[in-house]
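This report refers to the structure that appears directly beneath it.
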Amino acid sequence: MLAVLVGSGAMAQEIPAEPAIETAPEPEPIPEPPPVLHPPRNIVAQDVPHDNGGVLNIQWEPPIEGVPVRYVLEMAGEDGFFQEVTRTALTQYTVMQLENFVPYRFRVAAVYEKGQSMSPETEPVMARDHWLKLGEMPVLIAIFVFGSLLLFFIQAARRGVELFVRRISGLTAVEDAIGRATEMGKPVLYVPGTSTIEDVATLASLNILGEVARRTVHYDVKIICPNKDPIVYTIAREIVKETYASEGRPDAFDPDSVFFMVPDQFAFAAGVDGIMVREQPATIFLMGMFWAESLIMAETGASTGAIQIAGTDSVAQLPFFITACDYTLIGEELYAASAYLGREPMLLGTLKAQDYGKLVFLIIMVVFTLISVFSGYDAASLVRVR
Amino acid sequence: MSMILEAFWIWIAALLTLAIFSFLWKDNVFYRTAEHLYIGVANGYSITLIYYNVVLPNMVYPIRGANQALSADGFSWGLLNPFNDHNYFIILPMMVGALYITRFIPSVSWMIRIPIGITMGYYTAIAIPASFKASIVRQLEASILTRSDFDSWSVVFYGLLIFLTTVATLIYFFFSAEHKGALKPISEIGILTVMVGFGASFGLTVMARISLAIGRFIFLFKDWLGVVS
């Protein structure tokens, strides 16, 4: 614009050109050397001690120089191919859900803004499960305490020490209920739950089955015991058969009285309902672990007019039994039932051990709460399972 | 064709649903038919499931693989290693399991006690530590109050409520003493607490069951009769 103004009109004057100044050519810029990116150092992969296995702990140190944006941990299994496990800003990571006794190798990349630097691989390391799990020590101590109480009370019962057990109304009714079946000439239906043998409630139920069977032998009442689980069925059958034999009536045992029905939950409920309405048992025992079928069976049993005694430790099903059955054994009462009914020293000892075990835990709860509240020390950590 | 087939199965399902519902009136031939069909189908289905999910992968395939390895590479001690995918070691537990069948042979039926003893011992050993861990030690830890439970009034209220009702409930389930004297009111609070918990659980579960019944009615009125869109 200025040049146009200057070069146009009458006022324009000739400006003498200035002599050109020779300048040296500018030197080529020297490229900066690439930054040295240092990798993480001293990577250590270790099996986590005293655990259930499947876990490895990986630790490393930051690079000797420079601050990475993050680290990328990679792992290679048996196939030898490295795959990314995680991205983290920390210098430690615990890899879980690994297979035990499979060698794994690890490496860590330090990621910078201008690139990344990979560490060398670790030596192969394997996760393994350990015999001693220190994190579960409170469980071991609890079992030891309970076991000691158990032995003490069993010995006391064997020595003839009178062990008092208060009246449990649901169990006092067992005798009356079987007596009623005798008077009416109708059978007793015993359902040992719908769970498998590893359930504590099933084990308790099978103990009670023996006592109920003993009374049916005495009163000469037919017992019907349908089963949902094949292993529970085999054991239930042996228990009833043994009871008949031990009571001197092996001939009275009906092999068809204890039978396997079906492993499906609601098909089993439909079948038991059918037995209830067709056989019209005078007494129905629903003992053990139950799920959604509990109300179906308990309601049908109630509609037939039978005396129903139920027992379970399933908190979700207890309300249904309480509403639909005449007597319900709640949780601990189920475990106490066989000892209460049998009055054998061995079983009474277990019942007393349960009781005093509860007392010990009650005392621990109160004392540890007082310690925690008044001293500020986290006493709950002493019983924490990791 | 597929439409006809679909309609056929909907009719079967609807009629079976009605047959089962008829039990609400009284035991009848329709319910009995549906019941026996249900039990039969469920047993057949379970046997098939066990065959494909248990028998084949745990018994047949390991032995078949071991046979192939034996014929290809000859004998190696790895064929007896139970941790290998293909091994002959599996024959040992199979033989123990087969003892269940001895109950059909009276002269050797006592042998059924061997697998029963192993099963009971094994599962009891699993159940006891697991029960101690989940039902006792973890509950004990959760029940212990700490100073942080006294940070605010609402936390204090709920913390103390849980603590005291836990103590009362434990006392209710103490069988070694009569519920007399001081124990009587405490144990009554305990059973009251339990019943309050059951009441809440009852309401929650009934809601879930009603939703199941609604699902069945929707099937009947929508998929079968088509009177609901």
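Here are a few things to note about the model shown:
Conditions (1) touching a His at 6+ places or on another chain (Cβ under 6 Å); (2) crowded, with 21+ Cβ neighbours inside 10 Å; (3) modelled with pLDDT of 90 or more, marked per residue:
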residue	(1), (2), (3)
A:Ile168	no, no, no
A:Pro192	no, yes, yes
A:Gly210	no, no, yes
A:Thr216	no, yes, yes
A:Arg237	no, yes, yes
A:Lys241	no, no, yes
A:Pro255	no, no, yes
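- Candidates in the stretch A:22-61 are the residues that are on the phi > 0 side of the Ramachandran plot and touching a Lys or Arg at 6+ places or on another chain (Cβ under 7 Å); of these, the one that is surrounded by the fewest Cβ atoms within 10 Å (Cβ to Cβ) is A:His50.
- Residues satisfying the stated conditions in the stretch B:69-82, i.e. in a helix (DSSP H, G or I) and under 20 Å from B:Leu92 (Cβ atoms): B:Ala69, B:Leu70, B:Trp77, B:Gly78, B:Leu79, B:Leu80
- In the stretch A:170-190, residue most open to solvent (accessible area, probe 1.4 Å) [restricted to those that are among the small types (Gly, Ala, Ser) and under 14 Å from A:Lys222 (Cα atoms)]: A:Gly185
- Positions within the stretch A:330-343 being open to solvent by 20 Å² or more (accessible area, probe 1.4 Å) and free of Cβ contacts under 8 Å to residues at least 40 places away in the same chain, in sequence order: A:Glu332, A:Arg343
- Residue match in the stretch A:286-298 (condition: at the interface with another protein chain (Cβ under 9 Å from one of its Cβ atoms) and of a type in the set (A, V, I, L, M, F, W, C)): yes
- Checking A:Met96, A:Met118 one by one, the residue that is at negative phi and open to solvent by less than 90 Å² (accessible area, probe 1.4 Å) is A:Met118 and no other.
- Test result for A:Ala302, among the aliphatic types (A, V, I, L, M) and within 13 Å of chain B (Cβ to nearest Cβ): no
- Selection from the stretch B:135-163 of residues that are modelled with pLDDT of 90 or more, among the aliphatic types (A, V, I, L, M) and open to solvent by 50 Å² or more (accessible area, probe 1.4 Å): B:Ile136, B:Ala142, B:Leu160, B:Leu161, B:Ile162
- For A:Asp326: the one exception among (1) open to solvent by less than 60 Å² (accessible area, probe 1.4 Å); (2) acidic (Asp, Glu); (3) touching a residue at least 12 places away in the same chain (Cβ under 8 Å): (1)
- Note on the stretch B:80-101: among residues that are surrounded by 15 or more Cβ atoms within 10 Å (Cβ to Cβ) and within 11 Å of chain A (Cβ to nearest Cβ), the one that is farthest from A:Val200 (Cα to Cα) is B:Leu99.
- Candidate set from the stretch B:170-189 (those that are open to solvent by 40 Å² or more (accessible area, probe 1.4 Å) and of a type in the set (A, V, I, L, M, F, W, C)); member that is nearest to the other protein chains (Cβ to nearest Cβ): B:Leu170
- Under the condition of being more than 10 Å from every other protein chain (Cβ to nearest Cβ), outside any helix (DSSP H, G or I) and within 21 Å of A:Thr304 (Cα to Cα), the residues counted in the stretch B:1-27 number 1.
- Scanning the stretch A:127-144 for residues that are within 11 Å of chain B (Cβ to nearest Cβ) and either crowded, with 17+ Cβ neighbours inside 10 Å or without any contact (Cβ under 8 Å) to a residue 40 or more places away in the chain (or both) gives A:Lys133, A:Glu136, A:Met137, A:Pro138, A:Val139, A:Leu140, A:Ile141, A:Ala142, A:Ile143, A:Phe144.
- Sole residue being in contact with a Ser or Thr (Cβ under 7 Å, 6 or more places away or on another chain) and among the hydrophobic types (A, V, I, L, M, F, W, C), chosen from B:Phe75, B:Phe30, B:Phe23: B:Phe30
- Number of the condition not met by A:Trp291 [criteria: (1) part of a loop (DSSP other than H, G, I, E, B); (2) modelled with pLDDT of 95 or more]: (2)
- Some residue of the stretch A:215-228 being within 14 Å of chain B (Cβ to nearest Cβ), touching a helix residue (DSSP H, G or I) at 6+ places or on another chain (Cβ under 9 Å) and not charged (D, E, K, R): yes
Rundown of residues vs (1) assigned to a helix (DSSP H, G or I); (2) within 30 Å of A:Pro35 (Cα to Cα), yes/no style:
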site: A:Arg107; (1), (2): no, yes
site: A:Asp129; (1), (2): no, no
site: A:Glu136; (1), (2): yes, no
site: A:Ile141; (1), (2): yes, no
site: A:Leu149; (1), (2): yes, no
site: A:Ile154; (1), (2): yes, no
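The values are calculated or read from the model by the stated rules, or taken from the named source; none is laboratory data. In this text the structure is predicted, and so the values were computed from the model without any measurement. Glycine gets a Cβ as well: all are built from the backbone with ideal geometry, and neighbour counts include every protein chain shown. Surface areas here come from the heavy atoms of the whole protein model, side chains and all, with no ligands, DNA or RNA. Shrake-Rupley method; radii C 1.70, N 1.55, O 1.52, S 1.80 Å.
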